[in-house]
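S.K.: Below is one structure. I have some questions about it.
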Amino acid sequence: KFFLLPLDGGEAEYDARYRGLYAKDPFGRYHNCGNSGFRQCVANGSSVDECEGRETQMCEEYENLQAGFLHFDHIGGAILAIFQTSLPDSAYDVLHTMLDSEPAAVPIIWPLFILVSL
């Protein structure tokens, strides 16, 4: 993932070079996160503005609070994260990481967190 920052020519040169090739996030930065969906939308004949409006994913650097051990990339990491939710001191680290990493899943995360914590 990467951000394409404005060139020396300013915003006009920035848009002329990257518009239609990469999606633009709500902050006006071009990036390659979710770029395959964006390119498919443009290839289907939709306008670039319409495709950028559909794009909800954006690149963000996010710190892993547990030295890299808090993730759901494989079964070992997932079991460790779920075990952490049963411990009172580290349960909130897992909750906040889950809420910040996937805002669209908030309605699912809260019931899941409550069920695992019981």
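Residues are listed down the side, and each one gets a yes or a no for (1) surrounded by 15 or more Cβ atoms within 10 Å (Cβ to Cβ); (2) within 25 Å of C33 (Cα to Cα); (3) modelled with pLDDT of 75 or more:
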{"residue": "F72", "(1), (2), (3)": "no, yes, no"}
{"residue": "I82", "(1), (2), (3)": "no, no, yes"}
{"residue": "S86", "(1), (2), (3)": "no, no, yes"}
{"residue": "A91", "(1), (2), (3)": "yes, no, yes"}
{"residue": "P103", "(1), (2), (3)": "no, yes, no"}
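S.K.: Step by step: first the residues of region 31-55, then only those that are of a type outside the set (A, V, I, L, M, F, W, C) and touching a helix residue (DSSP H, G or I) at 6+ places or on another chain (Cβ under 7 Å), then the one that is modelled with the highest pLDDT. Which residue is that?
M.R.: Taking region 31-55 as the starting set, the residues that turn out to be of a type outside the set (A, V, I, L, M, F, W, C) are 31-32, 34-37, 39-40, 44-47, 49-50, 52-55.
When the remaining residues are screened for being touching a helix residue (DSSP H, G or I) at 6+ places or on another chain (Cβ under 7 Å), the result is 54-55.
Details: R54: 74, E55: 67.
Among those that are of a type outside the set (A, V, I, L, M, F, W, C) and touching a helix residue (DSSP H, G or I) at 6+ places or on another chain (Cβ under 7 Å), it is R54.
S.K.: Here's something else I'd like to know. How many residues are more than 30 Å from R54 (Cβ to Cβ), of a type in the set (D, E, K, R) and either in contact with a helix residue (DSSP H, G or I) (Cβ under 9 Å, 6 or more places away or on another chain) or not in a loop (DSSP other than H, G, I, E, B) (or both) if we restrict to region 65-118?
M.R.: The total comes to 1.
S.K.: Are there any pairs with C-beta distances below 9 angstrom linking a residue in region 7-22 that is farther than 15 Å from C33 by Cα and modelled with pLDDT under 75 to a residue that is in a helix (DSSP H, G or I) and open to solvent by 90 Å² or more (accessible area, probe 1.4 Å), with the two at least 6 apart or on different chains, and if so which?
M.R.: L7/R17; G9/R17
The values are calculated or read from the model by the stated rules, or taken from the named source; none is laboratory data. Please read these numbers as outputs of a predicted model, since none were measured by experiment. Don't worry about glycine lacking a Cβ; one is built from the backbone with ideal geometry, like all the others, and counts go over all protein chains shown. For the accessible areas, the whole protein counts, side chains as well, though only heavy atoms, and no ligand, DNA or RNA atoms are used. Shrake-Rupley method; radii C 1.70, N 1.55, O 1.52, S 1.80 Å.
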